[in-house]
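Trainee: Have a look at this one before I ask anything.
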Amino acid sequence: MPGGTVATVSTVSPSFTAQSDPGAPFANHDGLVAAPNVDLAGEFVELTTAKYSFIANAKVIQAYSETTESLLDIDT
């Protein structure tokens with residue numbers, strides 16, 4: 001089973017939510033603007049998980065490289 005992280009893209013319905021911001025130049029007549037329907041906390045958790053997975057994978061590669069180098073550096 002290969003390691004690594006997988007990015008998935010999914011659609012969210014609705015893609016936006018209406019938020020009140022009467023001062024915005026693009027607000028409708030009710031003072032509402034369309035804001036992205038994104039769960040920022042969930043996205044941050046996914047980003048942090050991917051970051052530490054990448055770091056862990058890089059450490060494994062580094063350890064493998066160092067082990068291989070020391071094994072090949074045997075004096076006869």
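Read-outs: derived from the displayed coordinates by stated rules, not from any lab. Because the structure is predicted, anything quoted here is derived from the model rather than measured. Cβ placement follows ideal geometry from the backbone for every residue including glycine, while neighbour counts extend to all protein chains displayed.
Trainee: Show me, for the stretch 51-56, the HN-Hα J-couplings you get by feeding each phi into the Karplus relation (A = 6.51, B = -1.76, C = 1.60, θ = phi - 60°), rounded to Hz, glycine and proline as x.
Mentor: With the stated coefficients, the stretch 51-56 comes to 4, 6, 5, 4, 4, 5 Hz.
Trainee: Give me, ordered by chain and number, the residues 5 or more places off D21 or on other chains with an amide H under 5 Å from its own placed amide H.
Mentor: L32, V33
Trainee: Mind giving me the nanometre distance, one decimal, between the label points for N57 and F26, set 7 Å out from Cα along Cα→Cβ?
Mentor: With each label point 7 Å from Cα toward Cβ, the separation is 3.5 nm.
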